Amino acid sequence: MEPIVHNIITRCGGLRMGRGRRIAAAAGGAMTCLLMLIVGVLAPFGATANATMTTSGKSITISARVGDGASARPLAGDTYAVAYVAKVKFNADRTAITGFKTNTWFKDVDRDWGKLTSSQYNAAAKEVAAYADKHDGYRDVHFTTDANGNVTIPSLDDALYLIKRVGVADANKAYTCDPFFVVVPETNGSTNIEDWDSQVTVSPKFEQISTPGPTPGTTPTPTPTATPTTPGGSSIAKTGAAIMRYVEAAVILGAVAFTAMFVRTQLRIRRHRD
């Protein structure tokens, strides 16, 4: 940090306060120096342990499609994240990759990356992805596939990268994809560095989510059939009509009972009078 500050101060050392029209120029220069000093001091704090920003032409292109040949469907609008997991180590004449040095950011999920089987790579990718999710371990999470299902992650170093699909477009929700590793460069088994591919293209493996159905060998339980109704009517209307008939019967019985009680009362009155 001290050299950065020293260089900035040295570059600004020629500024002196003059008089008249030199005051404005000097004030502007002083402000510029102050801004440069702030940037120089704060720059180390803006870097992340997982960043590998370079100006190289090395890249990873994701080609996201389902199906084969001309009928393959591009998965447009999905978003991918990339994490720098381990640095590639070469032999002295750079004719072969001899191993990997795990990024300090991922030391808790370290592996001997060059000696894993396919199934071990798959399991490790899921574990590293879960770790990156929890510890903010991605370099970037904004790589979105275009209409052809392609997206390029640029400016990479020679390293082992983790790629994870972190955003799924509504039209692509029927397809799942596990996180996976990609090594830059791709050596293709050649000992000639000129044959290595530093612009790697990968095609993620997608699986379609199946719709749950009846278990084989079992008989589906029949769905109860609704009681047919008269057009323009409903079962609720029929129920209401039945209730009204009961109400009418109750009213009639009540009237009969009231009439009988009235007649009986009148007969008693007459007997008392007689």
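Remarks
- Scanning segment 167-210 for residues that are more than 18 Å from Tyr80 (Cβ to Cβ) and in contact with a Leu (Cβ under 9 Å, 6 or more places away or on another chain) yields one hit, Ser198.
- Scan of segment 161-178 for residues that are buried (at least 16 other Cβ atoms within 10 Å of the Cβ) and polar (S, T, N, Q), ordered by number: Asn172
- Filtering segment 97-151 to residues that are touching a residue at least 24 places away in the same chain (Cβ under 8 Å), surrounded by 15 or more Cβ atoms within 10 Å (Cβ to Cβ) and assigned to a loop (DSSP other than H, G, I, E, B) leaves Asn103, Gly137, Tyr138, Arg139, Thr145, Gly149.
- Candidates Ile97, Ile60, filtered to the one that is more than 23 Å from the chain's Cα centre (by Cα) and within 22 Å of Ala125 (Cβ to Cβ): Ile97
- Just one of the numbered conditions (1) surrounded by 14 or more Cβ atoms within 10 Å (Cβ to Cβ); (2) on the phi > 0 side of the Ramachandran plot is not true of Asp158: (2).
- Looking only at segment 71-96, and only at residues there that are surrounded by 13 or more Cβ atoms within 10 Å (Cβ to Cβ) and polar (S, T, N, Q), the one that is farthest from Ser203 (Cα to Cα): Thr95
Each reported figure results from applying straightforward, stated rules to the coordinates on display, with no laboratory input. Please read all numbers here as calculations on a predicted model, not as lab measurements. Because the Cβ atoms are built from the backbone with ideal geometry, glycine has one as well, and the counts that use them run over all protein chains shown.
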